[in-house]
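Undergrad: Encoded as C-alpha cells, here's the structure I'll be asking about.
The values are calculated or read from the model by the stated rules, or taken from the named source; none is laboratory data. Just so you know, these numbers come straight off a predicted model, no measurement behind them. Ideal geometry is used to build each Cβ from the backbone, glycine not excepted, and the neighbour counts take in all protein chains shown. Note: areas computed on protein heavy atoms with side chains; ligands, DNA, RNA excluded. Shrake-Rupley method; radii C 1.70, N 1.55, O 1.52, S 1.80 Å.
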Amino acid sequence: MYDWLYNCTTSAKSPKVTGCRRLVCFLLSGRTQYVSSSSTTSAPLAVAYGVPQGSVLGPILFLPYVADLLQLVKRHQLHPHAYADDTQIYGFCRPSEADGLSSRVSDCVDEVSAWMKSNRLQLNPSKTEVLWCSSARRQHHIPTSPVRIGNTSVLPMSSVRDLGVWTPTSL
C-alpha cells in the first residue's frame with residue numbers, strides 16, 4: 001500500500017475500496033515540512049511520501065504493505081512473525097540439519113533485503129540477531145559459526161531481547 005502513498009496513483013497494492021483510498025490520499029496529499037531552530041525557519045518543502053510520525057495511519061497502512069514479505073519468508077519453508085516494523089524469521093530443524101537451516105535463512109534474508117529495497121525500505125544488518133535454541137541437554141549441538149546476513153556475518157547470540165522479554169538459547 002505504501003507505494004501508492006508516494007503519489008496516490010493506482011498500483012497493484014492499492015486498496016480495492018476507492019472511497020478509502022481517496023480519503024487516505026486526501027489526508028496525505030498537500031503536506032509540507034520545515035525545520036525551525038531558535039529564531040530561524042527554513043522554507044517549507046513538499047512531503048512526497050510517508051505518513052506523519054505518530055499517525056494512526058502508519059500501522060494500519062504498513063501491515064498490508066508488508067504482507068508480500070511474509071509470503072516470501074514462507075516460500076523458504078520458514079516462519080515469519082511481524083510486529084509493527086519488526087519482522088522475525090523462525091526455522092526448526094534437527095541438530096544434523098543446522099547447516100541447511102542456516103543456508104535457508106541466509107538465502108531468505110537476501111530475498112527479504114532485495115524485496116525491501118524494491119519497496120523503498122531498508123534492512124539494517126547491525127540490528128539483525130541470530131539465536132539458536134534447544135533443550136538444555138542438546139546445548140552442545142547448537143552451532144557457533146556465524147550466519148551470513150547479506151554481506152555481514154552474524155554470530156549467534158546466547159540470548160536476545162524481543163518486545164522486552166529476554167530469550168536464552170536453552171528453552
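Undergrad: Would you be so kind as to identify all helices of the chain, as entire DSSP H runs, whose Cα atoms reach 18 Å or more along the helix's own axis and whose mean Kyte-Doolittle hydropathy is at least -1.0?
TA: 98-118
Undergrad: Additional query: Give, to the nearest whole percent, the P(r) tail of region 23-159 beyond 25 angstrom, counting all Cα pairs.
TA: Numbers: 4125 of 9316 pairs.
Everything past 25 Å amounts to 44 percent.
Undergrad: Once neighbouring chains are kept in place and the probe is 1.4 Å, which whole percent of the accessible area of the chain is contributed by carbon and sulfur?
TA: C and S fraction of accessible area: 55 percent.
Undergrad: May I have the convex hull volume per residue, in Å³, for the Cα set of region 55-120?
TA: Taking the convex hull of the Cα positions in region 55-120, it is 73 Å³ per residue.
Undergrad: Whole number please: convex hull volume per residue of the Cα set in region 90-138, in Å³?
TA: Per residue, the Cα convex hull of region 90-138 comes to 79 Å³.
Undergrad: Between ALA67 and SER36, with labels modelled 7 Å along Cα→Cβ, what's the label distance in nm to one decimal, could you check?
TA: 4.0
Undergrad: Still on this model: Quote the relative contact order of the chain in percent (integer), defining contacts as alpha-carbon pairs under 8 Å separated by 6+ residues.
TA: With pairs under 8 Å counted, the relative contact order is 13 percent.
Undergrad: Determine, from the Cβ-Cβ distance of ALA84 and SER29 and an R0 of 25 Å, the FRET efficiency 1/(1 + (r/R0)^6), rounded to the nearest 0.05.
TA: Taking R0 as 25 Å, the efficiency between ALA84 and SER29 is 0.50.
Undergrad: Moving on to the next point. Give the accessible surface of the chain per residue, rounded to a whole number of Å², with probe radius 1.4 Å and ligands, DNA and RNA excluded.
TA: Computed with neighbouring chains in place, this is 69 Å² per residue.
Undergrad: Same structure, new question: Ratio of Rg to Rh for region 25-93, alpha carbon only, Kirkwood?
TA: Reported Rg/Rh (Cα atoms, Kirkwood Rh): 1.20.
Undergrad: Rank by packing, highest mean first: peptides 149-159, 36-46, with packing defined as the count of other Cβ atoms within 10 Å averaged across residues.
TA: 149-159, 36-46
Undergrad: Another one. Looking only at region 143-164, which residues have a backbone nitrogen under 17 Å from a spot 7 Å from the Cα of ASP99 in the C-beta direction?
TA: 143-148
Undergrad: When all protein chains stay in place, what accessible area (Å², nearest 10, 1.4 Å probe) is found for GLU129?
TA: 100
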